[in-house]
Amino acid sequence: EVQLVESGGGLVQAGGSLRLSCAASGFTFDDYNIGWFRQAPGKEREGVSLISTNYGSTYCKDSVKSRFTIFTDNAKNTVYLQMNSLKPEDTAVYYCAAVMSYGFIASCRKDEYDYWGQGTQVTVSS
């Protein structure tokens, strides 16, 4: 059974840091592109950062490229999102998602992903 479980969200002051974790199970980790999306209240879910089997990391927004880092621990089947210099605009529910890669680069479009975690809330206070 495919399962994705996010953790690491919470309340943090602007300028602070959080590290989100996405623990994956039930599928062959190396065959999937996995990434992070977020959804703020009243807004569409948007891609944040993704990692591809053959192409490495992708950052979907210029606003996060210099502040967020995506990385993996393959032995633990876990994908992380290190978030630094957090801003109130980063407040959202953060989701991890997965799709079979078939050797292609990961997409920032949410409708191309088949499996989703339950989300973890990130709240950044000003």
Per residue of segment 37-49, what does 6.51 cos²θ - 1.76 cosθ + 1.60 with θ = phi - 60° give for ³J(HN,Hα)? Whole Hz please, x for Gly and Pro, Karplus curve as stated. 10, 9, 9, 8, x, x, 10, 6, 5, 10, x, 10, 7
If unit charges are put on Cβ atoms (+1 for Lys and Arg, -1 for Asp and Glu) and the dipole of segment 28-80 is taken about its Cα centre, the option from 33, 60, 72 lying farthest towards the positive end turns out to be 60
Sorted by mean Cβ packing within 10 Å, highest first, what order do the peptides 70-79, 86-95 take? 86-95, 70-79
Please work out the FRET efficiency for the pair residue 65 and residue 121, using the Cβ-Cβ distance as r and a Förster radius of 22 Å; give the result to the nearest 0.05. 0.45
Please count, across the chain, the pairs of lysine residues with Cα atoms under 22 Å apart that sit 8 or more places apart or on different chains. 8
Of 101, 23, 13, which is farthest on the positive side of the dipole of the chain, counting Cα position, with +1 on Lys and Arg Cβ, -1 on Asp and Glu Cβ, and the Cα centre as origin? 13
Overall dimensions of the chain by Cα: Rg and Dmax, Å: 13.5, 42
Do me a favour and compute the ellipsoid semi-axes for segment 25-79 from its Cα gyration tensor, root of five times each eigenvalue, largest one first, whole Å. 22, 14, 9
Here, residue 102 and residue 85, labelled 7 Å along Cα→Cβ, have an inter-label distance in nm of 3.8
When the Debye formula is applied to the Cα atoms of segment 83-126, each taken as the same point scatterer, what base-10 log of I(q)/I(0) results at q = 0.31 Å⁻¹? -1.08
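Assigning unit charges at the beta carbon (Lys, Arg +1; Asp, Glu -1) and nothing else, what dipole magnitude in debye, to the nearest 20, does the chain show about its Cα centre?
Value, rounded to 20: 440 debye.
Readers should treat all values here as calculations from the given coordinates under stated rules, not as data from a laboratory. What you see is a predicted model, and the numbers here were worked out from it, not measured in a lab. A quick note on method: Cβ atoms are made from the backbone with ideal geometry, for glycine too, and the neighbour counts reach across all protein chains shown.
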